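Shown next, in structure tokens, is the structure this report addresses.
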Amino acid sequence: MGGIINAAVIETKDLSKIYGYGDSEIAAVDKLSLSVGKGEIVGILGPNGSGKTTAMRMLAGIVFPTSGTVSLLGRQPNDLWVKHRIGYLPETLQFRSSIRADEFLDFHAQLYGIGKDARSRRIDEVLQAVGLIENAQSRVRTFSKGMLQRIALAQAILHEPQLLFLDEPASALDPAGRRHLRELLLSMQERGATIFINSHQLSEVELICSRVGIMRRGRLIKIDDLESMLKPVHQVDVKVTGLPESSLALIKKLAVKVVDKGGGVLTVSLRREENVSELAEIIVHSGADLQEFTPRRQDLESAFLEEIEGVER
């Protein structure tokens, strides 16, 4: 994961989008400032209504900002030179149901300015890449949701974009489709593409992204590299019977937090790594019956919920 960061491909400063007037104003995106370098895969997470899609549409030049600045590849998003070098996959894409898959891609290839001689070859390449080569002449009305998602992705990568925007790219894909998508995006990254993803699929973001941002109520509340965001936490799941109250009191003094889930099951959050062995010693010396003792690493879902809940508090 990762990629070499050479220069800012996406740069925003106080980018905002306000809907409504006066007392009814709503900030869909509020002073978004970020920088994304060449070769990065960056994922943006957030609850429904957090502003992720509006932010992406402003970056892609589909929605005009109320204030602030944005540049893509060093130019304005509405620059035609830029538009020929970015790909965009919306969360939902409308299709004319009677059109064939290859006709749909041929239409978009012409919009991208791909010459007639190159179009057929490139269409076959992207259909192969998304696993639809055998459905090239099928009508899109016969496609499942997952197949529609894949043909929509095919149009976004048809012109080999330097910068790719993906809004919920894995939402309709099965596990095999999600793995295929990961492999495709990582291969594009290896060729120098920069990829910006909005997603609710936290496990997919964790597997592919080098940096992750979290939005809430229009504001980017955190953005960090994945390793820093998934900092090791000293949390232990314990199953024990016959633990004396005095020993439980010692554990509570040692821990940041103890969650009693009932039936002798505890989740213990500790300040330092060395506290893990101290916790084990307290339980063993208490004479209790220790049945399970499982230290665990924080995942992206836990980190995401922690950030959101922390802001709400």
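The values are calculated or read from the model by the stated rules, or taken from the named source; none is laboratory data. Computed from a predicted structure; not experimentally measured. FYI the Cβ positions are ideal-geometry reconstructions off the backbone, even for glycines, and counts take in every protein chain you see. Heavy atoms of the whole protein, side chains included, go into the accessibility calculation; ligands, DNA and RNA do not. Shrake-Rupley method; radii C 1.70, N 1.55, O 1.52, S 1.80 Å.
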How would you order 192-200, 47-55 from highest to lowest mean count of nearby Cβ atoms within 10 Å? 192-200, 47-55
To make sure I understand the rule: partners must be aspartates and glutamates, Cα under 20 Å from the Cα of LYS252, and not fewer than 8 residues away in the same chain. Which ones qualify? ASP237, ASP260, GLU273, GLU274, GLU278, GLU281, ASP289, GLU292
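Suppose we keep just the DSSP beta bridges with both residues in the chain; what percent of those would be antiparallel, to 5? Each step should come with its number before you reach the end.
Working: 40 of 57 bridges.
Once the DSSP bridges in the chain are tallied, antiparallel ones form about 70 percent.
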Taking θ as phi - 60°, what are the ³J(HN,Hα) couplings along region 131-146 by the Karplus curve (6.51, -1.76, 1.60), each to the nearest whole Hz, with x for Gly and Pro? x, 10, 4, 6, 10, 4, 9, 7, 6, 5, 5, 8, 7, 6, 4, x
Would you mind checking which residues have amide H under 5 Å from VAL9's amide H? H placed 1.01 Å from N; only 5 or more apart, or other chain. VAL36, GLY37, LYS38
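What is the packing order of peptides 271-281, 104-114, 163-173, 29-39, taking the mean over residues of other C-beta atoms within 10 Å and listing the highest first?
Values: 271-281: 13.1, 104-114: 17.0, 163-173: 21.4, 29-39: 19.8.
So the peptides 271-281, 104-114, 163-173, 29-39, ranked by packing, come out 163-173, 29-39, 104-114, 271-281.
For the chain, what is the mean residue ellipticity at 222 nm derived from helices alone (per DSSP H run of n ≥ 4: -39500 (n - 2.57); sum divided by total residues; nearest 500 deg cm²/dmol)? Please list the in-between numbers first.
On the way: 11 runs with 112 residues, N = 313.
About -10500 deg cm²/dmol.
Mind checking the per residue accessible area of the chain for me, 1.4 Å probe, whole number of Å²?
On the way: 16200 Å² over 313 residues.
Heavy-atom accessible area per residue stands at 52 Å².
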Note: the chain at 4 °C, 1.567 mPa s; Kirkwood Rh on alpha carbon pairs; Stokes-Einstein D in µm²/s works out to 59
Assign one of three labels to region 79-135, namely rounded, prolate or oblate, based on the Cα gyration tensor with a ≥ b ≥ c the square roots of its eigenvalues; rounded applies when a/c is under 1.5, prolate when it is not and a/b is larger than b/c, and oblate otherwise. oblate
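Calculate what fraction, in whole %, of the accessible area of the chain sits on carbon and sulfur atoms when a 1.4 Å probe is rolled over the protein chains. List each step's numbers first, then the result.
On the way: 7890 of 16200 Å².
For the chain, the apolar C and S fraction of the accessible surface comes to 49 percent.
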Can you run phi through the Karplus equation (6.51, -1.76, 1.60; θ = phi - 60°) for region 103-115 and list ³J(HN,Hα) in whole Hz, with x for Gly and Pro? 5, 4, 6, 5, 4, 5, 4, 5, 4, 6, x, 6, x
